[in-house]
Amino acid sequence: GIMSNGVCNSFEACGADDQDAEDQPSEEVVIVAGGCFTDWVDLVDAVRDRPYYERDFVICPNAKLIATAPVVIEDSDYITIKCGTDEEPSKNCEISGGFSHFQITGSSSGVQLARLKMIGSTGSSIMALGSAGSTLNLVDCEWSMNQGASAILVHHDKTLSNATGTLDVMSTLGSNSTAMSVDVTRCLFEENELTFGAIANVGGTLSVDKTMFSNNAGNGGDIVVTRKGTCTLRGSCFDSSASVKPGVIFIENGSQMTDNTNNFGVGITAGGSDGGTCTGVFQEAEDADCLGSASCSGNCIEFLATACSVDLSLVANITIKDTPSTVTKGEAVVPVRVHGISERPGSSNIVPIVVATVITAFAVFGLVGIIFKRHKSKKPSTANIEDVDESPGRFACCKRKKKDQGMLEAINPDEELFDDDDDDDV
């Protein structure tokens, strides 16, 4: 044979040991109870490592998730994260803590977050950092007690996703690049204390519809639009919000308010800097620098609606609870606001009831007084009886008789006490 240095290894059998195959690592699959998530880390991992066909992620109703790292949706279309299913929806999913809850980056269209309550973020709860053409829909969501720069930040700079500590939106206003589009529908922003504004739109396209802003505080206002961004606002309400700059909605010079329809405001404090106050939409004047200086100039456009359509829209699907001034939808009690008056749950209609009662009492007592006075005027007095002429004379008896008859007829006019024959005899 052929002499050669080396080692010859024979082929192994084609059928590998089944046990060896089982020992090989495989892709990890996150299993959640009932097909929904109760743990924040599981949700973050599932969205990041999802198969291309997996698009819907459901958080279990009543789940309370503690946010650590944010859920990142990058270059992915039609991803939906919601509380409960569409067949059995819920609004009792709570996400709390963390620098940011959700980040949308790259080219991501049709992303939707629905029926989520987000609280306690220290940077920005939603960082919409996608490129121009990307879209995000926020439906039936709530933001409360967030303390960062904003609840929602719309910006073109993807590197902001790496921000930690304090998020300074003012330092990011140097570019006019176009950002993504964000739609906010039937949402609530309540009791957020923010350094910039509840919604900060830096160069993006923002649409807000049927949304309530209540008791928020920020430097710029509830909505701040800068760097040639646009904003449409329809059927939304602003209650007791406060800002340093004028306007509960601040539109920087070069940006536009493209629609302002049926919006309502009450109890707003806006405008601590020079340039006066404005409790509606403030359009910054050309060459002004309201955000960067103490002085400010521009035009104020007040809201025209006299009632909050967010409350009134519930009339089609309500049940009365406790008092007519409150209506319920599901478990939430909604105060009805009309003409700048907010009737909080527990208030009553005692004033109109008292007024109506007093008016009715006056009417009844007045009627009784009229009847009593007319009856009294018909009743003869004792003086008339005692003043009868007692002097003797031919007609003395006749005078007394006529006086007595008149007195008795006044008391009982229906009873005839004297016959006509008596007069004839006289």
Practice task
Have a look at ASP222, ASP157, ASP209, ASP183 and point out the one that is within 16 Å of the chain's Cα centre (by Cα) and within 23 Å of SER109 (Cα to Cα).
Solution key: ASP209
Completion exercise
Scanning the stretch 81-106 residue by residue, the ones that are over 21 Å from MET180 (Cα atoms) and either among the hydroxyl-bearing types (Ser, Thr, Tyr) or open to solvent by less than 10 Å² (accessible area, probe 1.4 Å) (or both) total 7
Practice task
For GLU286, state whether it is open to solvent by 50 Å² or more (accessible area, probe 1.4 Å), in contact with a Gly (Cβ under 9 Å, 6 or more places away or on another chain) and farther than 25 Å from LEU136 by Cβ.
Solution key: yes
Exercise for the section: Could you look through the stretch 107-158, keep only residues that are at positive phi and among the small types (Gly, Ala, Ser), and pick out the one that is most open to solvent (accessible area, probe 1.4 Å)? Expected result: GLY133
Handout entry: Residue selected from the stretch 250-259 under the condition outside any strand (DSSP E or B) and not charged (D, E, K, R), by the criterion least open to solvent (accessible area, probe 1.4 Å)
Key = SER255
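Quick grid of which residues meet (1) of a type outside the set (Val, Ile, Thr); (2) more than 18 Å from VAL139 (Cα to Cα); (3) touching a residue at least 24 places away in the same chain (Cβ under 8 Å):
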| residue | (1), (2), (3) |
| --- | --- |
| TRP40 | yes, yes, yes |
| VAL71 | no, no, yes |
| THR80 | no, no, yes |
| PHE102 | yes, no, yes |
| GLY106 | yes, yes, yes |
| LEU113 | yes, no, yes |
Exercise for the section: Would you check if VAL71 is at pLDDT 95 or above, open to solvent by less than 10 Å² (accessible area, probe 1.4 Å) and either farther than 24 Å from PHE213 by Cβ or among the hydroxyl-bearing types (Ser, Thr, Tyr) (or both)? Expected result: yes
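With out of contact with any Gly (no Cβ under 9 Å at 6 or more places or on another chain), surrounded by 16 or more Cβ atoms within 10 Å (Cβ to Cβ), modelled with pLDDT under 95 and not small (Gly, Ala, Ser) as the only criterion, which of VAL7, VAL32 stands out? Break it down into steps so the answer makes sense when it comes.
Working: VAL7 fails: surrounded by 16 or more Cβ atoms within 10 Å (Cβ to Cβ).
None of the others qualify; the one that does is VAL32.
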Completion exercise
Flagged in the stretch 216-247 as modelled with pLDDT of 95 or more and hydrophobic (A, V, I, L, M, F, W, C), in numbering order, are ALA217, ILE223, VAL224, VAL225, CYS231, LEU233, CYS237, PHE238
Handout entry: Filter pass, ASP42 being at pLDDT below 95 and out of contact with any Leu (no Cβ under 7 Å at 6 or more places or on another chain)
Key = no
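When you look at TYR78, is it open to solvent by 100 Å² or more (accessible area, probe 1.4 Å), at pLDDT 95 or above and out of contact with any helix residue (DSSP H, G or I) (no Cβ under 8 Å at 6 or more places or on another chain), yes or no?
yes
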Problem - Flag if ALA63 is among the small types (Gly, Ala, Ser), at negative phi and touching a helix residue (DSSP H, G or I) at 6+ places or on another chain (Cβ under 8 Å) - result: no
Problem - Qualifying residues in the stretch 207-232 (those that are buried (at least 24 other Cβ atoms within 10 Å of the Cβ) and of a type in the set (A, V, I, L, M)) - the one farthest from ALA307 (Cα to Cα) - result: VAL225
Fill in the blank from the handout: Cβ pairs under 8 Å, 6+ apart or interchain, first in the stretch 130-143 and more than 15 Å from VAL72 (Cα to Cα) and touching a residue at least 12 places away in the same chain (Cβ under 8 Å), second among the β-branched types (Val, Ile, Thr) and open to solvent by 10 Å² or more (accessible area, probe 1.4 Å), ordered by first then second residue, are ALA132/THR178; ASN137/THR185; LEU138/THR185; VAL139/THR185; ASP140/THR185; TRP143/ILE119
Handout entry: Conditions (1) at positive phi; (2) open to solvent by 40 Å² or more (accessible area, probe 1.4 Å); (3) touching a strand residue (DSSP E or B) at 6+ places or on another chain (Cβ under 8 Å); (4) not hydrophobic (A, V, I, L, M, F, W, C): number failed by GLY247
Key = (2)
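The values are calculated or read from the model by the stated rules, or taken from the named source; none is laboratory data. Quick caveat, the model's predicted, so the values are computed rather than measured. Cβ atoms come from the backbone with ideal geometry, glycine included; neighbour counts cover every protein chain shown. What goes into the accessible areas is simple: the full protein's heavy atoms, side chains included, and nothing from ligands, DNA or RNA. Shrake-Rupley method; radii C 1.70, N 1.55, O 1.52, S 1.80 Å.
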